[in-house]
Amino acid sequence: MTRAAVFFGWLYGVPFLLVVGLLRRMSSPHLPTSAAAEAFGATTDRFLVAALVLNLVLPVAGLVLARSARDGYWIRHFVGALVGMVSIYLVVSIAAGATTAPLIGDVPTDQEPAPRVTQCIPRSGGTGCPGG
Amino acid sequence: MNDGGTPRRASHGAVFRSSLLVALGWYVVVPAAVLVAWSGLPVAPGRDCSAMFSCLSPVEQVGLFMIFVGLPVLLGAAVVTVAVAALLARVVRWPVVTGTVSALCGVVGVAALVAAGQGFR
């Protein structure tokens, strides 16, 4: 039962997280503040990191479980899952190569206006402020 | 579960039925992921919602899509999936592979048909 849960958790769970993460990364949502943009980017990163980590952990853990139970049926499944794991990493690397922004760690643009400069601070070696 | 000594030889019918279940899983998981991603996107406030169907929620948009084009598309994908699964289950005895490949063929087949149909217009 545990082996089946681990296998189907990998088979459907990892693509689920990847699809959610990649769609969020490719979207251009309305983010009114830079804080909202950072929070949105962090949530997207969590989906993608969880997918990439689970893609490694679940097949390996499943293979260890199946081997310790000497269950040939699930050993074959998890060996196949290792092939699927490599395929998923390949697909993700191709997707990462096709985008200009980094797949993980990217903060989307926000609609917060740039702060207006209201004060002049003189710098050594720079231009002086009007009026001394 | 099998004791691992000898490979389990499932009948063609059993592989076919299991493949359809795996394919059905894909038809549930991928749209659910799209819906979750779509629901999490913040929308711009102050949109002009005077036009009909201009400010629908993701669930409402999916419902509308299903009413107008979703059912024929899903039916076409299901037919292709069942046909590919029936053929593939004779060769590949692993339902995970046959179900996944047949679901992929169903989606790609319908997308190709839709693209070809638009090309004829």
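The values are calculated or read from the model by the stated rules, or taken from the named source; none is laboratory data. Every value quoted in this text rests on a predicted model; they were computed, and no experiment measured them. Positions of Cβ are backbone-derived with ideal geometry, glycine not excepted, and every protein chain shown enters the neighbour counts.
Observations, loosely collected:
- The single condition among (1) facing chain B (nearest Cβ under 10 Å); (2) within 9 Å of the chain's Cα centre (by Cα); (3) under 19 Å from B:VAL30 (Cα atoms) that A:GLY13 does not satisfy is (2).
- Scanning region B:40-74 for residues that are exposed (fewer than 11 other Cβ atoms within 10 Å of the Cβ) and not charged (D, E, K, R) yields B:VAL43, B:ALA44, B:PRO45, B:GLY46, B:CYS49, B:SER50, B:ALA51, B:MET52, B:PHE53, B:SER54, B:ILE67, B:PHE68.
- Members of region B:81-91 that are out of contact with any Cys (no Cβ under 6 Å at 6 or more places or on another chain) and under 13 Å from B:TRP26 (Cβ atoms): B:THR81, B:ALA85
- All positions within region A:95-128 that are outside any loop (DSSP other than H, G, I, E, B) and free of Cβ contacts under 8 Å to residues at least 60 places away in the same chain: A:ALA96, A:GLY97, A:ALA98
- Condition broken by A:SER34, with the remaining ones in (1) out of contact with any helix residue (DSSP H, G or I) (no Cβ under 9 Å at 6 or more places or on another chain); (2) away from chain B (no Cβ under 13 Å); (3) over 25 Å from B:ALA44 (Cα atoms) satisfied: (3)
- Residue within region A:62-71 that is within 11 Å of chain B (Cβ to nearest Cβ), in a helix (DSSP H, G or I), without any contact (Cβ under 8 Å) to a residue 24 or more places away in the chain and farther than 12 Å from A:PHE7 by Cα present: yes
- Residue check for B:SER18: over 15 Å from the mean Cα position of the chain (by Cα) and part of a loop (DSSP other than H, G, I, E, B): no
- Pairing each residue of region B:43-68 that is at pLDDT below 75 with any residue that is exposed (fewer than 12 other Cβ atoms within 10 Å of the Cβ) and in a helix (DSSP H, G or I), provided the two are 6+ apart or on different chains, yields C-beta distances under 9 Å for B:PHE53/B:GLU60; B:PRO58/B:SER39.
- Extreme residue, surrounded by the most Cβ atoms within 10 Å (Cβ to Cβ), among residues of region B:79-91 that are touching a residue at least 40 places away in the same chain (Cβ under 8 Å) and more than 11 Å from B:LEU104 (Cα to Cα): B:ALA89
- Filtered residues of region B:56-93 (kept if under 18 Å from B:GLY109 (Cβ atoms) and of a type in the set (Gly, Ala, Ser)): B:GLY70, B:GLY76, B:ALA77, B:ALA78, B:ALA83, B:ALA85, B:ALA86, B:ALA89
- Considering region A:72-87, and only residues there that are more than 9 Å from every other protein chain (Cβ to nearest Cβ) and touching a residue at least 24 places away in the same chain (Cβ under 8 Å), the residue that is surrounded by the most Cβ atoms within 10 Å (Cβ to Cβ) turns out to be A:PHE78.
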